[in-house]
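Novice: To start, I am sharing the structure in question, which I have written as C-alpha cells.
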Amino acid sequence: MRRIATTVLAAAALTLVAACGGGDSDDTSADGDTKIKVGVIPIVDTAPIWLGKEKGFFEEEGIDLEITTTTGGAAAVPGVVSGDFDFAFGNVVSLMVGADQGLPLEFVANGTSSAGKEPDFGAVLVPEDSTIQTPKDLVGKTVSVNNLKNIGDTTVRHAIEQDGGDPENVKFVEVAFPDAPAALAKKQVDAIWVLEPFMSAALADGARVVTYNYLDMSPQLDIAGYFTTTQYIKENEDLVERFTRAMNKSLDYAGDNEQEVRDIVGTYTKIDEATRGKMVLPVFRSEFDRESMELLGAAAVKYGTLEKEPDLDALLP
C-alpha cells in the first residue's frame with residue numbers, strides 16, 4: 001500500500017507540474033456567487049460542511065458550494081492538485097505524506113478532532129473472548145487498518161509502544177472500514193481499527209475495545225481538515241478567506257448542535273436513525289491543535305510513515 005500511496009502521490013506531483021495546481025476560480029452563479037467544488041468523503045466527519053451549506057453559511061460569504069463525494073484522500077489529493085476540486089477533505093497524515101512527497105498542499109480549515117475522552121469515535125477492537133487485553137498484547141498479532149502507512153497504523157503503533165510493547169512486531173493489513181467487523185467475526189484478523197459507525201456496529205455484535213488509539217496519541221488530536229494547493233491560495237486569497245470563514249462557522253455550529261449533526265448525516269449516508277443516535281461523535285472545532293500535530297508527525301517519522309518531520313508552518317493556516 002505504501003507503494004500504491006507513493007504512486008498516487010507521485011502521479012499527483014506530475015499532475016501538479018502540468019496543471020500548476022488549479023488556478024483562479026472565476027466561475028460565478030446567476031446570483032453572482034463564486035462557484036466552488038469541494039471533495040469530501042461521505043462519512044460522519046464531514047457533517048459540518050453539509051450542515052453549513054444547509055444553514056446558508058457559504059451563501060452568506062458569496063459562495064455557491066458544490067459538495068462532491070470522493071473515496072478518500074487518495075482521490076482527494078490528485079483532485080485538488082489537478083484542479084478538479086477547489087478544496088478537499090483529507091486526514092492530517094495524508095497531507096503530511098503529500099508534503100513529504102513534495103506536493104505544496106496547505107490546510108485552510110480544521111475538519112475533525114478526537115472526542116478527547118472515552119469513548120472516542122475510533123478504537124482497536126477484538127472479539128469478546130480474545131486474550132488481547134491491552135495494546136502491548138497486539139504484538140505478534142494481525143491488525144486491520146483502512147490504509148497502511150497512515151494515521152491508523154501510526155497511532156496504533158504509538159499506543160502499543162506506550163503500553164510497553166514492540167510496535168514493529170505487529171502485522172498490519174488493509175481492510176476497508178465497512179468490511180472490518182466481518183473480518184473480525186470470521187477471525188481473519190486478530191484485531192481491527194475502525195471508526196464510527198462501524199465501531200458501534202462491531203460492539204453491538206460482541207466486539208470489545210482494547211484501546212482508543214487517537215486518545216493514546218493526544219486527547220486534542222486533530223484528525224483531518226480541508227486543504228488546497230499553495231498556488232490556489234496565492235491566486236484566490238479573498239475566496240480562500242471567505243471559504244475558511246464559512247467552514248469555521250460550520251465547524252463551530254456543528255460542535256454546538258449535536259442532534260443536527262446526527263440528522264444531517266442521514267441526508268448523505270445510508271446510516272439509519274437508530275445507529276446515528278448511538279454514534280460517538282468527534283469534536284468539531286475551528287482551531288487546530290499544533291502540539292498534538294507535532295506529536296503525530298514525530299510518531300509518523302519514527303514508524304516510517306514519513307521520511308522527515310512535517311513543516312507545520314507550511315502545512316497549517
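Novice: Restricting to the range 119-137, and then to whatever is surrounded by fewer than 23 Cβ atoms within 10 Å (Cβ to Cβ) and of a type in the set (D, E, K, R), can you tell me which residue is farthest from Ser94 (Cα to Cα)?
Specialist: Within the range 119-137, the match that is farthest from Ser94 (Cα to Cα) is Asp129.
Novice: I'd like the residue in the range 242-259 that is more than 10 Å from Ala109 (Cα to Cα), touching a helix residue (DSSP H, G or I) at 6+ places or on another chain (Cβ under 7 Å) and of a type in the set (Gly, Ala, Ser) and, out of all such residues, is surrounded by the most Cβ atoms within 10 Å (Cβ to Cβ). Working first, answer last.
Specialist: If we filter the range 242-259 for residues that are more than 10 Å from Ala109 (Cα to Cα), which is where we start, we get 242, 249-250, 252-259.
When the remaining residues are screened for being touching a helix residue (DSSP H, G or I) at 6+ places or on another chain (Cβ under 7 Å), the result is 249-250, 253-254.
Narrowing further to those that are of a type in the set (Gly, Ala, Ser): 250, 254.
Numbers: Ser250: 24, Ala254: 26.
Here the answer is Ala254.
Novice: I need the full set of residues from the range 113-128 which are over 16 Å from Ile223 (Cβ atoms) and of a type in the set (A, V, I, L, M, F, W, C), in order please.
Specialist: Listed by number, the residues that qualify are Leu125, Val126.
Each row is one residue, and each column tells you yes or no for (1) modelled with pLDDT under 85; (2) surrounded by fewer than 20 Cβ atoms within 10 Å (Cβ to Cβ); (3) among the small types (Gly, Ala, Ser).
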residue	(1), (2), (3)
Ile4	yes, yes, no
Thr7	yes, yes, no
Ala10	yes, yes, yes
Gly21	yes, no, yes
Gly32	yes, yes, yes
Val38	no, no, no
Pro42	no, yes, no
Lys55	no, yes, no
Thr68	no, yes, no
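Novice: A follow-up question, please. Only residues that are surrounded by 18 or more Cβ atoms within 10 Å (Cβ to Cβ) and either at pLDDT 95 or above or in contact with an Asp or Glu (Cβ under 8 Å, 6 or more places away or on another chain) (or both): list them for the range 184-194, please.
Specialist: Listed by number, the residues that qualify are Leu184, Val189, Asp190, Ala191, Ile192, Trp193.
Novice: Can you tell me which residue in the range 202-227 is modelled with the lowest pLDDT, limited to those that are surrounded by 20 or more Cβ atoms within 10 Å (Cβ to Cβ), more than 21 Å from Glu287 (Cα to Cα) and small (Gly, Ala, Ser)?
Specialist: Ala202
Novice: Return the residues of the range 86-115 that are open to solvent by less than 30 Å² (accessible area, probe 1.4 Å) and in a loop (DSSP other than H, G, I, E, B); say none if nothing qualifies.
Specialist: Asp86, Leu103, Ser114, Ala115
Novice: Among the residues of the range 272-311, which ones are touching a Lys or Arg at 6+ places or on another chain (Cβ under 8 Å), crowded, with 16+ Cβ neighbours inside 10 Å and over 21 Å from Glu260 (Cβ atoms)?
Specialist: The answer is Ala299, Val301, Tyr303, Thr305.
Novice: Kindly provide the set of residues from the range 138-149 that are open to solvent by 20 Å² or more (accessible area, probe 1.4 Å) and touching a helix residue (DSSP H, G or I) at 6+ places or on another chain (Cβ under 9 Å), ordered by number.
Specialist: Val139, Asn146, Asn147, Leu148, Lys149
Novice: Are there any pairs, at least 6 apart or on different chains, whose C-beta atoms fall under 9 Å, with the first in the range 226-248 and without any contact (Cβ under 8 Å) to a residue 60 or more places away in the chain and among the small types (Gly, Ala, Ser) and the second outside any helix (DSSP H, G or I) and surrounded by fewer than 17 Cβ atoms within 10 Å (Cβ to Cβ), and if so, which?
Specialist: Once the first residue is without any contact (Cβ under 8 Å) to a residue 60 or more places away in the chain and among the small types (Gly, Ala, Ser) and sits in the range 226-248, no partner that is outside any helix (DSSP H, G or I) and surrounded by fewer than 17 Cβ atoms within 10 Å (Cβ to Cβ) comes close enough.
Novice: In the set Val170, Val175, Val156, which member is of a type in the set (Val, Ile, Thr) and either surrounded by fewer than 20 Cβ atoms within 10 Å (Cβ to Cβ) or touching a residue at least 40 places away in the same chain (Cβ under 8 Å) (or both)?
Specialist: Val156
Novice: Oh, and also: Among the helices (runs of 4 or more DSSP H) confined wholly to the range 155-261, which include 2 or more residues that are of a type in the set (D, E, K, R) and within 27 Å of Leu312 (Cα to Cα)?
Specialist: 230-235, 237-256
The values are calculated or read from the model by the stated rules, or taken from the named source; none is laboratory data. None of the values given here were measured: they were computed from a predicted structure. A quick note on method: Cβ atoms are made from the backbone with ideal geometry, for glycine too, and the neighbour counts reach across all protein chains shown. Just so you know, the surface numbers come from the protein's heavy atoms only, side chains and all, with ligands and any DNA or RNA stripped out. Shrake-Rupley method; radii C 1.70, N 1.55, O 1.52, S 1.80 Å.
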